[in-house]
Every structure is written in structure tokens, then in C-alpha cells.
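The values are calculated or read from the model by the stated rules, or taken from the named source; none is laboratory data. All figures in this text were calculated on a predicted structure; none of them were measured in a lab. All Cβ positions, even for glycine, are placed from backbone atoms using ideal geometry, and neighbour counts span all protein chains on display. Side chains included, ligands, DNA and RNA excluded: accessible areas come from the protein's heavy atoms. Shrake-Rupley method; radii C 1.70, N 1.55, O 1.52, S 1.80 Å.
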Amino acid sequence: MSQTLFEKIWDTHEVGQTPGGASLIAVDRVFLHERTGASALKRMAEMGRTVRDPSRVFAVMDHIVDTRPGRGDGTLMKGGEGFITETRAACRAARITLFDVNDRDQGIVHVISPEQGIVLPGLTLVAPDSHTCTQGAFGALAWGIGSSEAEHAMVTGTLRMERPRTMRVRFTGALKAGVSAKDMILTLIARYGAGGGAGHVVEFAGEAVRALDMEARMTLCNMVTEFSAMTGLIAPDAVTFEYLKGRPYAPAAFEDPYWASLRSDNEAMFDREIEIDASTVAPMVSWGTSPEHTIAVDGRIPQGPQRAHDYIGLSAGSRLAGTPIDAAFLGSCTNSRISDLRRAARILKDKRIAPSIRKALVVPGSLHVKRQAEAEGLDAIFAAAGFEWRMSGCSLCFYAGGEGFPEGSRTVSSTNRNFEGRQGPGIRTHIASPETVAASALAGAIADPRDYVRVPKEVAA
Amino acid sequence: MTAFPSPLTGRAAPILIDNVDTDTIIPSREMRSTGRNGLAEGMFAPWRYTDADARTENPDFALNQTEYRGACIIAGGANFGCGSSREHAVWALAEYGVRAVIAESFAPIFHGNCIRNFVLPVTLPREAVNALAGDEVTIDLAAQTVTHGDMVHLFTIDAEAKQMLAEGLDAIDLTLTQSAQIDSWTSADRALRSWVYLQQDGKSLSHAGSDGA
Ligand code: SF4
């Protein structure tokens, strides 16, 4: 019988049924971080439980670590050090592999898991972090859970689950210049709503998806949690296997017929199908306080919930482009990989950000990305442009009570959430692609990256 | 933790906003330790206080109004609990005394976190949620009903989740009763997908070495 990729992975992992009729699904990899993983480890220890297979559980310090050079366990967040030292001790006690603060492979969980070859096609991988869906780009079933579920996965090697529905999102055609995977996922959320994927696993398909490199595929899958989907995934292909070859935790070869079977069959049926013409995707920027409050950079702000307009300080009918900004942030598990930094640096090269920008940061997604960027001289381009160059971590993707943006800032950010207060109390966030962040930092106002990548803008009909 | 106290009667505090995210339910800066306690005071801090540091209450926020203070039921908007996976959001609600949230829809991770902590997520159509918000309602888990005045709304819930909530069952303990089944599945899987299984390196403190700069 024809099956979707999701169904194949699910069936491979179904250990059995629970008496209540749920499925018991085997979990191949668990990844923890110091912010929510620490709670799972603590509870596990308190309950006197142990990790079933420590070789398949990993942890990293990424969320609240300091990103200033010369860092140690100290953080700018009050009490932050406790999360770090407790996580370290708990990982040691549980005998799980930890990517520590100054490990050479440290970085944001969803950046380093692929870098290390920990996520692989056909695996199930969970983490108490909503953006675990990023790793679905490899054709793995990778999804975010809570701390209790993380403990459950570590202790039993399984999760109790209800089978989700399936959705396929096809991007046909080709993207235009100055537009990237971030704009694709923002387009999907803007058109179908922040709850549009609820109850579904989303498979991305179509020529425009096949044309993406692995890093862009990760960006695309990263924000399906903002679409309320359980997760997203992309069938693995030559690009996927090429990326993984030689990675520390990856197998030596991908010749097993299993790998070739990891695709939806031609006749496979999805519960829901969406098709988007990639050539209609424009650079997207959020105007409000939900990722669904997003429009093309050259568009006008629609009428949304009054609360969102009040918080962001922009009214319906006005233009987003040209709105003055005070800060810029390049980083996060959405857009902090080497290709993201290259595209931003290309726009910033030999230029200087607007004098009105009070804070501009580049936070590489991992120390690997950082070293690679330095080898290519990107750090010098960012520094000359006026951006601070940081150690890797989540940094100001979210505000933990330590470092923040200057009070009252309006910031353009390559992150994934524009919630009220996400980047600090009162901070107004506009999420966008790295290209748009770079262009806006130069302009000192929300700007269309197509004006900076020297391509003719589409003539409006 | 305790089973869901069915039937549960109380006023449904109206927080009828779509896409209420877990950063708002419990801001990161209110998560001060790796434990599950001490979170109730920071619950909804950005909306509940005009000055979160001084804990100055915002009189416009439902839970600061006499009739809803200490509410055990919240009526929310669509996609309730979206955003960060932080279970702290549910721990904060539970510690405050919230035992049920009624909304048009829930974000999936939040929904799972509710069940694991015996907070009942009730999904009802928008019109029903809007109509009952602010009023006294009774939730009967066994009958799967929400009663509001002379209106009775039926809701659906997975059989397993219902049993977990009703009996206050610990999911890990339950799954461990199926350990033999998991063990035999694992040995069969090892033969099929050997590449999934890694060698324990035994060091396990730090992955590679120090000084990554
Ligand atoms: S970078 Fe941001 S969204 Fe990604 S894992 Fe870190 S805090 Fe979460």
C-alpha cells in the first residue's frame, strides 16, 4: 500500500499499543539543553529513574550561555549559572554526552545535531524544545516535547502518542533573487495562519524545496512550530546524504536500501495538500506579535488584533518598509548557519550600518560556524559594518533576564518569534530573513533586500 | 500531582486572546531554577502586572479581578499555549490552581504538557468558549461535558489522555510496565537498523575537549 514518508517512519517505530489505544513510538535520539532539559534530568534523578540508553542521549549548553568572548559558566541572567552547573552534574551522573560551554563543537541544539550527524534520515529524535522540527529537514521525524515527555523518552526509550494527520506543502517553481527559505515559511504562515498546521505533520515537497541546500531546508522546517504543526519533514535525497557523509555520529555509508525507501510513494494520500508558487514569494517581514502577522516587505499593514497594533506601535494601512529601527539581530536556530552569514555579509561588505542603530549583533549558530566564518573573513566584514561578533548560543533570540536590547527598541531579527516581550519587555520585534536584516541595518529602517542585492524588483501589476 | 477533580466547577476567567504564547504564560526571566515550583507568581507576568519587578497588578487583567482571582478554569482563544515548549507554563498554571483551560484549539506541545500535569485542555467551538467565558461552568471529565447555565457542551478527548487525567496516572510508570515489549522490539530493531545504535564512549562528561573559540 502506498505510504507517506511520515507513515513509513511511524510504522518502523511503532513498538505496540498502550492499553488506552495510543501508540508506543520508539525514540532513537534525545537531545536536551540546559534550560528545559535540566528540569527533566532533575526530575528523573529525584524519581530514582535512569536513562535506558545513554549513548543515544545528548545535551548542550546553548540557551542562556554568555555569548561574549572569554565566557565561562557565568551568565548575565540572574541565577543562570545554576542551570549550567546543574546540567553538567546531571549529565555526568546520567552518563550522557554533553556539548559543554567551551567544547569546540558547542552551538545551538538544532545547529549542532546536524553538524555532528546526530540526526539522520528515518530516525525519531525528540528534544524539550519546540524548534526540534528544524531537524526534520533530514527526513527524520524530529519534534519538540515538554520536559516530562523528555524524561519519559530517556527512561523508556519511547513516547505514548496519538497518530497525527498528514499535510503536504508543495512549493512549485523557483524562488526569485533576494528571497530565501525564511520567506517561504513566513509566506505559508501568513497565508494559512499560526494555527494552520495544527494536528499535522507537514511534508515539504516540490521543485523549490528540492532546489534548497540543507541549511535552507532547515530554515524552512524550523518554523513549522510557528504553524502549530507537530513537525515538518523533507524526504532525504543526494543533497542530504552528501551533507551527512563523514559527520562524527553518522554511519560510514548510506547504501542500505532503507535510505532509498525514505520518500512518500507516488500514490500516497495526505489528509491535506497546499500548493504555493515559489515565484510569488516576496521578502517577508512581520508587522505584529504573532508570526502570522507577516506581509511582503513592500506591502501595507492590514488591520489585525488591536492589541498587536498597540504593542508594535504601527497602524493598519501604513507601510512597513521605511519604519525606523534601533537594533538588528542575526542569529538563532532559524538563520545562524554559514550560508545565512554569507548572504548577510554580502550585503554588508564595505558598508556601515545606520548611525541610529543602537545595537547590532551577529551570533553564529555554533562554534564551527564561527570558525568557518572567521576563515572566510566574514567576522571582519560584520565588524567593519558595525555588528558585534559573538560566541555561539541562542543569545537574544529570547530574553532571559540578562542581556537585552536598549529599552524601547524596535529590532529587525532573523529569529522565529515576534511575541510580545520575546526579546525583552516592550521590545518590538520584526522577524525577517538575514538578507532583510542586513539591508535594514544599513538603511536604519525596514528595507527591501532586493534593493541591496542588485536585482530588478518585480514590476507591480 | 493529583487526578483531575471531576466534576470541576468554577468561573471561567476570560483570556480570550488568540495565539497566547508560553513566553507570556511564563516569561523566561521568571524561570529562575531547574525545579517546577515557584512559578505561579510569574504566571502571565507581562499582562498581570504593570510593573513585573514590583509586582504591581494590572487591574484590567481578568485574574486580578475579584470574581476571577485564583480561578481554576481559564477560557482562552485559538492556538492557546503556542510557542516555546517550556512545561513551566503548565507548571505555573497548575501551581496557581488552574485545573482546566477551555479554548478553540491548543498548540500541540502545550496540550501534551497539560495532560502530563493533570490540567484538562477542553476544546470547544469559538462561539461556545466566548459564550461561557466569565460565567460559572462545570466540567465533567467522565461525561465529557461542560455545563454552562442550561447549555451542555460535549467535548472530545483521547481515551488514553482521559484515563491518565481521571486516575492521575504517571505515564512513565505505565510505560515501564511494557518494558519487556520494548526490550524485544529493541533487539529486533538492532538487527534491522544497526546504524541507529551508538557506542557508549564511556567518557560522557564532555563531547570532545575544551576551548572551542
Ligand atoms: S535560537 Fe531561539 S528559537 Fe532556537 S532554540 Fe534557541 S531560543 Fe529556541
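Data overview
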| read-out | value |
| --- | --- |
| Qualifying residue in segment A:418-437 (condition: surrounded by fewer than 19 Cβ atoms within 10 Å (Cβ to Cβ) and away from chain B (no Cβ under 12 Å)) | no |
| Unmet criterion (only one of (1) more than 14 Å from chain B (Cβ to nearest Cβ); (2) within 16 Å of the ligand (Cβ to nearest atom)) for A:Ser356 | (2) |
| Hits in segment A:115-140 (condition: more than 14 Å from the ligand (Cβ to nearest atom), open to solvent by less than 10 Å² (accessible area, probe 1.4 Å) and of a type outside the set (A, V, I, L, M, F, W, C)) | A:Gln116, A:Gly117, A:Pro121, A:Gly122, A:Thr124, A:Gly136, A:Gly139 |
| Selected residue [at pLDDT 95 or above and farther than 20 Å from A:Gly365 by Cβ] from A:Ala445, A:Ala441, A:Ala383, A:Ala461 | A:Ala445 |
| Evaluation of B:Ala166 against (1) more than 19 Å from B:Phe118 (Cα to Cα); (2) small (Gly, Ala, Ser); (3) in contact with a Leu (Cβ under 9 Å, 6 or more places away or on another chain) (one fails), failing number | (1) |
| Boolean, A:Ser332 is in contact with a Cys (Cβ under 9 Å, 6 or more places away or on another chain), outside any helix (DSSP H, G or I) and either away from chain B (no Cβ under 14 Å) or closer than 17 Å to A:Ser180 by Cβ (or both) | yes |
| Search result, residues across segment B:88-105 that are more than 21 Å from B:Thr9 (Cβ to Cβ) and open to solvent by less than 20 Å² (accessible area, probe 1.4 Å) | B:His88, B:Ala89, B:Val90, B:Trp91, B:Ala92 |
| Residue in segment A:54-61 that is open to solvent by 40 Å² or more (accessible area, probe 1.4 Å) and more than 9 Å from every other protein chain (Cβ to nearest Cβ) present | no |
| All positions within segment B:82-110 that are within 10 Å of chain A (Cβ to nearest Cβ) and closer than 19 Å to B:Leu132 by Cβ | B:Glu104, B:Ser105, B:Phe106 |
| Tally of residues being assigned to a helix (DSSP H, G or I) and away from chain B (no Cβ under 13 Å) across segment A:382-401 | 4 |
| Residue that is nearest to A:Met167 (Cα to Cα), among those in segment A:1-19 that are part of a loop (DSSP other than H, G, I, E, B) and touching a residue at least 60 places away in the same chain (Cβ under 8 Å) | A:Thr4 |
| Residue that is most open to solvent (accessible area, probe 1.4 Å), among those in segment A:382-399 that are within 16 Å of the ligand (Cβ to nearest atom) and on the phi < 0 side of the Ramachandran plot | A:Tyr399 |
| Members of segment A:400-417 found to be surrounded by fewer than 24 Cβ atoms within 10 Å (Cβ to Cβ) and near the ligand (Cβ under 10 Å from one of its atoms), listed by number | none |
| Qualifying residue in segment A:446-456 (condition: small (Gly, Ala, Ser) and either open to solvent by 40 Å² or more (accessible area, probe 1.4 Å) or within 16 Å of the ligand (Cβ to nearest atom) (or both)) | no |
| Positions within segment A:213-229 being in contact with a helix residue (DSSP H, G or I) (Cβ under 6 Å, 6 or more places away or on another chain), of a type outside the set (Ser, Thr, Tyr) and surrounded by 24 or more Cβ atoms within 10 Å (Cβ to Cβ), in sequence order | A:Arg217, A:Met218, A:Leu220, A:Cys221, A:Asn222, A:Met223, A:Val224, A:Glu226, A:Phe227 |
| Subset of segment B:153-172 [part of a helix (DSSP H, G or I), charged (D, E, K, R) and either touching a helix residue (DSSP H, G or I) at 6+ places or on another chain (Cβ under 7 Å) or at the interface with chain A (Cβ under 9 Å from one of its Cβ atoms) (or both)] | B:Glu160, B:Lys162 |
| So B:Ser194, is it under 30 Å from A:Arg56 (Cα atoms) and at pLDDT 95 or above | no |
| Residue identified as more than 16 Å from the ligand (Cβ to nearest atom), out of contact with any helix residue (DSSP H, G or I) (no Cβ under 8 Å at 6 or more places or on another chain) and touching a residue at least 24 places away in the same chain (Cβ under 8 Å) among A:Gly80, A:Gly72 | A:Gly72 |
| A:Pro364 being of a type outside the set (Phe, Trp, Tyr), within 16 Å of the ligand (Cβ to nearest atom) and over 21 Å from A:Pro283 (Cα atoms) | yes |
| Output for segment B:29-60, where each listed residue is of a type outside the set (D, E, K, R), under 22 Å from B:Ile115 (Cα atoms) and either more than 9 Å from every other protein chain (Cβ to nearest Cβ) or crowded, with 20+ Cβ neighbours inside 10 Å (or both) | B:Met31, B:Thr34, B:Asn37, B:Gly38, B:Leu39, B:Ala40, B:Gly42, B:Met43, B:Phe44 |
| Residue within segment A:363-381 that is assigned to a helix (DSSP H, G or I), aliphatic (A, V, I, L, M), over 23 Å from the mean Cα position of the chain (by Cα) and surrounded by 22 or more Cβ atoms within 10 Å (Cβ to Cβ) present | yes |
| Verdict on A:Leu341 being under 30 Å from A:Arg104 (Cα atoms), within 16 Å of the ligand (Cβ to nearest atom), modelled with pLDDT of 95 or more and assigned to a strand (DSSP E or B) | no |
| Filter pass, B:Ala75 being under 20 Å from B:Ala133 (Cβ atoms), surrounded by 18 or more Cβ atoms within 10 Å (Cβ to Cβ) and in contact (Cβ under 8 Å) with a residue 12 or more places away in the chain | yes |
| Those residues of segment A:120-141 which are farther than 18 Å from A:Gly393 by Cβ and within 12 Å of chain B (Cβ to nearest Cβ), in sequence order | A:Leu120, A:Pro121, A:Gly122, A:Leu123, A:Thr124, A:Leu125, A:Val126, A:Cys133, A:Ala140 |
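Residues are listed down the side, and each one gets a yes or a no for (1) within 16 Å of the ligand (Cβ to nearest atom); (2) of a type in the set (Asp, Glu); (3) touching a Ser or Thr at 6+ places or on another chain (Cβ under 6 Å):
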{"position": "A:Thr294", "(1), (2), (3)": "no, no, yes"}
{"position": "A:Gly299", "(1), (2), (3)": "no, no, no"}
{"position": "A:Gln303", "(1), (2), (3)": "no, no, no"}
{"position": "A:Ser315", "(1), (2), (3)": "no, no, no"}
{"position": "A:Ser318", "(1), (2), (3)": "no, no, no"}
{"position": "A:Phe329", "(1), (2), (3)": "yes, no, yes"}
{"position": "A:Asp350", "(1), (2), (3)": "no, yes, no"}
